[in-house]
Amino acid sequence: MKTIEVVAAILRKGERVFATQRGYGDWKDLWEFPGGKIEPGEGPEEALVREIREELGAQIAVESYLTTIDYDYPAFHLHMGCYLCRVTGGELTLKEHEAARWLSRNELDAVAWLPADRTIIELLKKELRDTTNQSKTTGADMKKAGRIRSESVRNSLKMRQFKSSSAKTRKNELWHLWKNPVLF
């Protein structure tokens, strides 16, 4: 069976990802992540940047590798590298696709995906959930980290003073720390 090597861009904007509906071929009307074939002498990230420029008329930055999907279609084997990306310039303009949507985590099951693209939906839901949780808790985590760091610095200073104090003072300070523990 023939193997076709392709790349797919998981374009992100906040908590949404960009999906396109195919406008041609055997899989017309099904949804996919945009991308395409890797040309000879081309690396995966180069191919992705070129494909998005050709298909959607926009510039992208490839941020990170997400996964590789191997899927057997009836006529060929697909080897698809999936990358998290963001648009850095231009407007997303449909040149080969019928439609496009920015989908939230909860909307990912609302479209009929190509079989290979369907296999990464659960992974993508987890990725979006992790990102969502991080963005919602960052402020509180930063405040908490700041408090803990401040307490840690104070405790460090107390330990330096403790080492240079008398035995009786050290005993009293140990008793106080034991009765009033502080997070490090």
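Computed from label points 7 Å out along Cα-Cβ, the spacing between Glu91 and Glu63 is 2.4 nm.
Summed over the residues of the range 28-79 and divided among them, the accessible surface reaches 51 Å² per residue at a probe radius of 1.4 Å.
Put simply, when 31-37, 12-18, 90-96 are sorted by average Cβ atoms within 10 angstrom per residue, most first, you get 31-37, 12-18, 90-96. Modelled spin labels at Glu98 and Glu39, positioned 7 Å past Cα toward Cβ, are 2.9 nm from each other. Rounded, prolate or oblate for the range 13-61? Axes are the square roots of the Cα gyration tensor eigenvalues, ordered a ≥ b ≥ c, and the cut-off for rounded is a/c under 1.5. Note, shape of the range 13-61 comes out oblate.
The stretch between Trp27 and Thr3 holds 6.9 nm of extra length on full extension. This uses 0.36 nm per residue minus the Cα-Cα distance. PRE reach from Lys13 (point 7 Å along Cα→Cβ): which of the range 37-66 fall under 18 Å by backbone N? Under cut-off, by backbone N: 52-63.
Output the peptides 42-50, 103-111 sorted from most to least packed, where packing is the average of other Cβ atoms within 10 Å over each peptide's residues.
Peptide ranking by packing, descending: 42-50, 103-111.
Each label point was placed 7 Å from the Cα along the Cα-to-Cβ direction; for Glu54 and Lys125 their separation is 3.4 nm.
The values are calculated or read from the model by the stated rules, or taken from the named source; none is laboratory data. Predicted model, so just to flag it, every value in this text is computed and none were measured. Every residue, glycine as well, gets a Cβ built from its backbone with ideal geometry; the counts of neighbours run over all protein chains shown. Protein only, heavy atoms only, side chains kept; ligands, DNA and RNA dropped before computing areas. Shrake-Rupley method; radii C 1.70, N 1.55, O 1.52, S 1.80 Å.
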